[in-house]
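All remarks here apply to the structure that follows.
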2 protein chains.
Amino acid sequence: MLSKNKIKFIQALSDKKNRLESRSFLIEGEKMVRELFQSGFNIQTLIISAKFINDPIFAGISSNVEIIEASENELERISTQKTPQGMMAVVSIPDYYFSDKISFSKNLEIALYDIQDPGNLGTIIRTADWFGVNQIVCHKQTVDLFNPKVIQSTMGAIFRVHVKYTDLPQYIAEFRKKNDSKPVIAAVLDGKDIYKTTFLEQGILMMGNESKGLSGELIKLATHKISIPRFGSTVQQTESLNVAVATAIILSELKRKLKS
Amino acid sequence: MLSKNKIKFIQALSDKKNRLESRSFLIEGEKMVRELFQSGFNIQTLIISAKFINDPIFAGISSNVEIIEASENELERISTQKTPQGMMAVVSIPDYYFSDKISFSKNLEIALYDIQDPGNLGTIIRTADWFGVNQIVCHKQTVDLFNPKVIQSTMGAIFRVHVKYTDLPQYIAEFRKKNDSKPVIAAVLDGKDIYKTTFLEQGILMMGNESKGLSGELIKLATHKISIPRFGSTVQQTESLNVAVATAIILSELKRKLKS
């Protein structure tokens with residue numbers, strides 16, 4: 001049974017301020033909890049419905065983890081999803097998230113400038129994972145990684161991709177200083193045709209905010225500007241691609257060429 | 001000012017049943033309304049805040065369109081968005097949506113098998129528009145086109161791409177019978193590497209449900225099976241791509257090769 005205090009504590013985790021204070025976040029759903037068990041993340045509490053209580057994945061679990069059997073009603077009260085699932089976990093936010101230090105990745109990394117939509121950030125993390133990108137650096141105003149909708153859209157990739165928040169122009173400037181042979185690629189509307197571009201499996205791909213794109217400052221810091229060409233028959237200036245979709249198409253192109 | 005009845009009528013449009021009964025749906029936001037004016041869709045009512053009431057786009061408007069100036073408070077009451085915007089419109093659902101007849105497109109079209117997430121459907125429509133795909137055929141249980149979240153994620157592409165609902169296996173079977181030289185491509189997990197595949201600018205690309213993918217029946221009806229290869233370093237069976245992202249990568253690949 002979940003105590004009233006526990007329910008209050010978990011409900012409060014939908015708020016960023018409370019997550020940072022308690023250094024905790026909520027994982028929901030069977031798939032996510034199973035992925036959690038394969039990760040190095042520190043589990044504080046498991047909340048499980050009767051149906052799953054004897055599931056083999058909980059067998060060898062550390063005695064430090066509190067396991068609570070919860071009723072449907074209790075699960076509903078703490079869930080942020082439409083249909084609450086029978087497995088949830090309170091997990092510690094990893095230390096790397098709080099550290100000010102970021103080391104540049106040896107491989108391609110993604111830099112995000114103030115992505116606002118949680119689904120977009122989560123989807124970008126999921127796509128990065130698919131294409132073997134292990135580090136994403138976000139400008140400070142980007143939606144929070146541990147927002148429940150972000151977590152859900154990562155479909156487990158949150159446990160594998162490092163996501164850090166920093167002052168992006170400063171980060172990029174430092175990267176340029178230390179890596180003058182590596183590309184810093186800006187995705188813009190008037191760049192070079194992505195299908196005619198090849199890069200090394202290194203450097204940084206910068207993607208901009210949903211409505212404003214990248215800042216002028218960041219575009220100036222880029223070594224290359226790229227665009228995805230339109231194929232529609234009529235030219236409509238108003239058209240654009242969703243930022244998660246654009247990131248996916250660019251990653252697919254960069255990786256495809258490296259492979260072939 | 002918006003009457004009580006009008007507010008009730010507009011609020012009811014968030015429900016599919018009411019949309020079908022009244023053959024109406026709601027468009028929200030300045031960008032969407034401006035795109036609406038460039039479309040052939042029939043506008044019933046414009047709801048505008050004082051700020052926009054003298055906007056030039058409303059100048060030459062037909063006298064059949066009812067124009068209502070609404071207060072912030074009224075806009076808030078009818079909006080489905082977090083931040084209601086100063087331009088909304090009640091629009092007639094186009095006749096093609098209700099017609100049982102679907103003619104096959106001469107160009108590539110997309111078939112969707114029971115996509116559930118409104119953001120995914122909207123993003124697929126937006127991406128299709130970008131890549132010049134004008135027709136999307138959805139299996140009956142796919143989320144409704146005029147769901148407010150679908151409309152918003154299309155970012156205006158809803159006015160340009162034809163989206164129809166039908167019995168998909170029946171539709172594909174008929175297509176195969178009439179077009180035996182054109183490909184029906186199934187996106188699956190064990191198909192041929194998309195980067196090594198080329199198709200004509202014709203046929204149908206079939207994308208499956210977020211968790212279950214395509215049905216066995218539909219896969220059997222395909223002439224080709226394709227997959228997007230993973231590039232991550234560790235093999236995780238649990239990983240997958242979001243369906244809107246996968247659709248975008250496949251469209252980008254198909255179109256790129258046709259162009260080059």
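Computed values, structure above
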read-out	value
Residue selected from region B:40-62 under the condition open to solvent by less than 30 Å² (accessible area, probe 1.4 Å) and part of a loop (DSSP other than H, G, I, E, B), by the criterion nearest to the other protein chains (Cβ to nearest Cβ)	B:ASP55
Residue in region B:177-198 that is part of a helix (DSSP H, G or I), among the hydrophobic types (A, V, I, L, M, F, W, C) and open to solvent by 30 Å² or more (accessible area, probe 1.4 Å) present	no
Qualifying positions in region A:160-181 - charged (D, E, K, R) and either without any contact (Cβ under 8 Å) to a residue 40 or more places away in the chain or under 18 Å from A:GLU253 (Cα atoms) (or both)	A:ASP167, A:GLU174, A:LYS177, A:ASP180
Count of residues meeting criterion [open to solvent by less than 10 Å² (accessible area, probe 1.4 Å), touching a Lys or Arg at 6+ places or on another chain (Cβ under 9 Å) and assigned to a helix (DSSP H, G or I)] in region B:131-165	3
Filter result for B:ILE219 (touching a residue at least 12 places away in the same chain (Cβ under 8 Å) and within 14 Å of chain A (Cβ to nearest Cβ))	no
Residue in region B:170-181 that is out of contact with any Lys or Arg (no Cβ under 6 Å at 6 or more places or on another chain) and within 14 Å of chain A (Cβ to nearest Cβ) present	no
Selection count where residues are in a loop (DSSP other than H, G, I, E, B), open to solvent by 80 Å² or more (accessible area, probe 1.4 Å) and over 15 Å from B:LEU26 (Cβ atoms), scope region B:63-117	9
Count - residues of region B:167-176 that are open to solvent by 30 Å² or more (accessible area, probe 1.4 Å) and not acidic (Asp, Glu)	3
Criterion (within 14 Å of chain B (Cβ to nearest Cβ), at pLDDT 95 or above and within 20 Å of the chain's Cα centre (by Cα)) met by exactly one of A:SER153, A:SER227, A:SER211	A:SER153
Failed item, numbered, when A:ALA173 is tested on (1) in contact with a helix residue (DSSP H, G or I) (Cβ under 7 Å, 6 or more places away or on another chain); (2) in a loop (DSSP other than H, G, I, E, B); (3) more than 22 Å from A:ILE125 (Cβ to Cβ); (4) of a type in the set (A, V, I, L, M)	(2)
Residue satisfying all of: in region A:206-227; part of a loop (DSSP other than H, G, I, E, B) and hydrophobic (A, V, I, L, M, F, W, C); surrounded by the most Cβ atoms within 10 Å (Cβ to Cβ) among these	A:LEU214
The listed residue being under 16 Å from A:PHE98 (Cα atoms), within 10 Å of the chain's Cα centre (by Cα) and charged (D, E, K, R), out of A:ASP144, A:ASP129	A:ASP144
Breaking point among (1) more than 13 Å from chain A (Cβ to nearest Cβ); (2) without any contact (Cβ under 8 Å) to a residue 60 or more places away in the chain; (3) touching a helix residue (DSSP H, G or I) at 6+ places or on another chain (Cβ under 8 Å), for B:ILE194	(1)
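The values are calculated or read from the model by the stated rules, or taken from the named source; none is laboratory data. Because the structure is predicted, anything quoted here is derived from the model rather than measured. Cβ: placed from backbone, ideal geometry, glycine included. Neighbour counts: every protein chain shown. To get the accessible areas, we keep the full protein, side chains included, count just its heavy atoms, and leave off ligands, DNA and RNA. Shrake-Rupley method; radii C 1.70, N 1.55, O 1.52, S 1.80 Å.
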